[in-house]
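Here's the structure, in structure tokens; my notes come after.
Where a number appears in this text, it was derived from the coordinates with a stated rule and is not lab data. Just so it is clear, the model here is predicted, and its values are computed rather than measured. Ideal geometry is used to build each Cβ from the backbone, glycine not excepted, and the neighbour counts take in all protein chains shown.
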Amino acid sequence: MSIQLPQQDTGSTVYQVTEDSLQKSNIYCETPYCSGDSRYFVFAQTNPRHDTNRTEYVICELGTWEMCVGGRGIGGPAITREGMFYFLRDTGAGVRELIRLNLSTGSSEIVHVFPEGLRPRSLGTVSPRRTVLCLWRCDERDLH
């Protein structure tokens with residue numbers, strides 16, 4: 001569901017696609033978080049109902065404004081130009097997983113399971129061929 005807002009002075013039409021009280025984020029405004037064909041975009045929302053993985057990644061189809069939660073994680077995602085969306089998920093057992101979410105199909109898969117104690121906090125960037133992923137990590141030593 002969407003709400004069409006009054007037309008802007010520039011002639012642009014703006015749609016509001018959410019109405020609930022959950023905190024929303026466009027993730028990073030200088031990077032298009034869209035599928036390769038620009039049919040879908042993803043935004044993050046914080047849902048306090050969950051004990052872990054409170055960041056929900058919501059996929060929205062442009063034009064129809066249909067939405068679905070594509071996955072839940074801890075934040076700090078990255079995306080490729082083809083619309084492959086990566087995020088971190090906490091297993092609840094002290095282990096983190098790297099998840100790849102295809103924005104066009106909504107399908108996801110575990111790409112990597114980090115060794116116990118290696119707790120990456122945020123992803124940086126993914127190479128065009130998806131062979132290199134840069135990330136920021138946090139070890140127990142960093143917490144003291």
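Between beta-carbons, use under 10 Å as the cut-off and find the net charge around Val95, counting Lys and Arg +1, Asp and Glu -1. Mind dumping the intermediate values first?
Details: positive: Arg89, Arg96, Arg119; negative: Asp90, Glu97, Glu116.
So the surrounding residues net to 0.
Which peptide among 61-72, 84-95 comes first, and what is the full order, when sorted by highest mean count of other Cβ atoms within 10 Å? Spell out each step's value before the answer.
On the way: 61-72: 14.6, 84-95: 17.5.
Put in order of decreasing packing, that is 84-95, 61-72.
Taking only the Cα atoms of the range 3-54, how large is their convex hull per residue, in Å³? Write out the running numbers ahead of the final one.
Details: hull volume 6.5 nm³, N = 52.
Residue-normalised Cα hull volume stands at 125 Å³.
At 7 Å along the Cα-to-beta-carbon direction for both Ser127 and Ser104, put a label point, then send me their distance in nm to one decimal.
Here the modelled spin labels are 2.3 nm apart.
Pop a pseudo-label 7 angstrom from the Cα along the beta-carbon direction at both Val14 and Cys134 and give the gap in nm to one decimal.
With each label point 7 Å from Cα toward Cβ, the separation is 3.3 nm.
Against the empirical 2.2 N^0.38 Å scaling, what ratio does the C-alpha Rg of the chain come to?
1.13
Taking θ = phi - 60°, what integer Hz values does the Karplus form 6.51 cos²θ - 1.76 cosθ + 1.60 yield along the range 9-24, in sequence order, with x for Gly and Pro?
4, 7, x, 6, 9, 10, 10, 9, 9, 10, 9, 6, 8, 5, 5, 10
Any idea what the relative contact order of the range 3-143 is, in percent, if you count C-alpha pairs under 8 Å spaced at least 6 apart?
15 percent
With a cut-off of 8 Å between alpha carbons and a minimum separation of six or more residues, what is the relative contact order of the range 1-85 in percent?
Normalised by residue count, the contact order of the range 1-85 is 22 percent.
Amide H neighbours of Gly71 under 5 Å, counting only residues 5+ apart in sequence or on other chains, H built in-plane at 1.01 Å?
Answer set, sorted by chain and number: Tyr57.
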